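These notes are about the structure you will find just below.
Derivation of every value follows stated rules applied to the coordinates shown; laboratory data play no part. For clarity, every value in this text was computed on a predicted model and none was experimentally measured. Note that each Cβ is placed from the backbone with ideal geometry, even for glycine, and that neighbours are counted across all protein chains shown.
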Amino acid sequence: MERVLFLAPVEPKGNLSKPALEALHAGVDLAKGLDAPLVIGLIGTGAKAAAERVATTGAEEILAVSGADFDTPRYASDVVAMEALVIAAQASVVLSPATSRVSRAIPAVALRRGGRIDTHVTSLEAKDGAPAAERWFYRQRMKAVFSRSQRPWFLTLAPGVSTPWPGESRPVTPREIPVAGPEAGWRTRGVGEEAASAGAQTIRPDAEFLFVAGAGWMKKQADGKSHVREAEDLIRNFLEISKASLGSSKSLVDQSMEGDLVISFMTHLNQVGQTGSTPRHKKGLATCCHGEEPHVVGWRFIQERRAVNLDPNCGWARGKADVVYVADAFQVVARLNEILAEGGS
């Protein structure tokens, strides 16, 4: 009989991140479909508060590895905490959110336990009494549904593919799993966090809107000159007012490596498309972008896709966007900034 373990670190103040709650909901549904017990494993000082948040899942047991040593993301401590929870739960299927912290450590746990791991899973279901996972391959060009006989089977669920667990809180006390650190102490320690200011932040995974800039912003305009600084100001103002997330085509971010003048706050972290990055915002607007395949792949999960392009025959615009505005992106974004500044939407 399968035993499903949901495994996740706890956020500050005992919260669970949105990707964790999404993975939890998928785990609850999988356990019900398999008619298998569900065990929840939490890591961090706020594990008790987080346990109360997920107490209505119907889990057979809630386990916790607590202590200040496990609050800070750290490969060494995360691995030993996760392994201890997998052993205590006697889990055959381990489900976690595909966050950077989990993805860094959980492959080592799978190796230590002699299991197998599949990452960026987009769907889970019970099929013929066994779990079946769905994920995309070859940079999201092919989709496969598969299962494994190897146990334990570790799976990380991609953010945005499930709805967060909606259950209410209820008093509960998780079972503490003791985990001791190395006698010589941890080699790495966290000294604090430094976050970007709201105005400087360009990557917002939870934003409803994605704004993607292409290399056309850097090219010569109708007057025969390039207007890079004007483009930078327009895009920055739009992001600050709309609180949208910023994406970029590969051709635009690559220009920084070629020594060209580029948008100062644009990096390869903003790239969508050819890296396999697949944002899941509700709406997206592509500006000055060209090329069919990269954008189709990168925007596969955007629910409403619009584009601004002077070329109505662009491969990205024709049949790939829901709405195409044949217009100058400089003029369009400038007008959008005026409307948003006046309180429009």
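Key figures for this structure:
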| quantity | calculated |
| --- | --- |
| Among LEU21, PRO131, GLY67 the positive-end extreme of the charge dipole of the chain (Cβ point charges) | PRO131 |
| Compactness index (Cα Rg / 2.2 N^0.38 Å), the chain | 1.13 |
| Degrees separating the helix 228-242 axis from the principal Cα axis of the chain, which is the longest one | 50 degrees |
| Other-chain or far-sequence residues with amide H under 5 Å of PHE154's (modelled H) | VAL94, ARG116, ILE117, ASP118 |
| Helical mean residue ellipticity (222 nm; -39500 (n - 2.57) per DSSP H run of 4+; nearest 500) of the chain | -8000 deg cm²/dmol |
| Cβ crowding within 10 Å averaged over residues, with 56-63, 151-158, 40-47, 264-271 ranked highest first | 40-47, 151-158, 56-63, 264-271 |
| Listed peptides 26-39, 172-185, 103-116 by packing density, highest first (mean Cβ within 10 Å) | 26-39, 103-116, 172-185 |
| Calculated FRET value between PHE137 and LYS283, using beta carbons and R₀ = 41 Å, to 0.05 | 0.95 |
| The stretch 318-340 and the stretch 67-113: distance between their alpha carbon centers, rounded to Å | 45 Å |
| Simple label model, 7 Å out from Cα along Cβ direction - GLN150 to LYS220, nm | 5.7 nm |
| Kirkwood-Stokes translational diffusion coefficient of the stretch 4-176, alpha-carbon pairs, 4 °C, 1.567 mPa s, µm²/s | 82 µm²/s |
| Alpha carbon centroid spacing (whole Å) that separates the stretch 165-242 from the stretch 31-63 | 29 Å |
| Selected from ARG305, ARG170, ARG280 as most flexible by GNM, with the chain as the system and alpha-carbon contacts under 10 Å | ARG170 |
| Net dipole in debye of the stretch 37-144 [+1 Lys, Arg Cβ; -1 Asp, Glu Cβ; about Cα centre; nearest 20] | 540 debye |
| Chain lengthening between THR188 and GLN201 when straightened (0.36 nm per residue, less Cα-Cα) | 2.0 nm |
